[in-house]
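The values are calculated or read from the model by the stated rules, or taken from the named source; none is laboratory data. It should be emphasised that the depicted structure is a prediction, and the values quoted were computed from it without experimental measurement. Counting neighbours? That spans all protein chains shown, and the Cβs are built from the backbone with ideal geometry, glycine included.
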Amino acid sequence: MQELTEAERAELGALSARHEQLQGQTEAHGEDDGAVKADEARLDELENYMEAIRKPGRIYAPDEKSLAGCIVYLDHGGAVTVAPG
């Protein structure tokens, strides 16, 4: 598994702090409060984003790359990225 860069570790730290803050905010809402669903959706987004940083895409072997013209994937921000195959 590939080691995280310093920037990725810093981003994970900030996201984790935001997650904890939002989780506390969600728990403070009453069960009937409409903001709970919005907060829970945001928590899910943060969890998915943190997971994407922790588990980068698959690393292809050179023989696999030679079979493809290019590899198209979505990066952590959701942008389409094209890499030579």
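Worth pointing out:
- Enumeration of residues in the stretch 30-64 that are farther than 17 Å from Leu12 by Cβ and of a type in the set (Ser, Thr, Tyr): Tyr60
- The combined condition, being touching an Asp or Glu at 6+ places or on another chain (Cβ under 6 Å), of a type in the set (Val, Ile, Thr) and in the same structural domain as Glu8 (by TED's automatic domain parsing), is fulfilled by Thr26.
- Selection count where residues are in contact with a Leu (Cβ under 9 Å, 6 or more places away or on another chain) and among the small types (Gly, Ala, Ser), scope the stretch 63-83: 0
- Only one of the numbered conditions (1) in contact (Cβ under 8 Å) with a residue 12 or more places away in the chain; (2) outside any helix (DSSP H, G or I) is violated by Met50, and that is (2).
- Here Leu4 meets each of (1) assigned to a helix (DSSP H, G or I); (2) surrounded by 14 or more Cβ atoms within 10 Å (Cβ to Cβ); (3) in contact (Cβ under 8 Å) with a residue 12 or more places away in the chain with one exception, condition (1).
- Selected residue [at pLDDT below 85, under 19 Å from the mean Cα position of the chain (by Cα) and at positive phi] from Gly57, Gly78: Gly78
- In the set (1) within 18 Å of Gly77 (Cα to Cα); (2) surrounded by 12 or more Cβ atoms within 10 Å (Cβ to Cβ), the condition left unmet by Asp44 is number (2).
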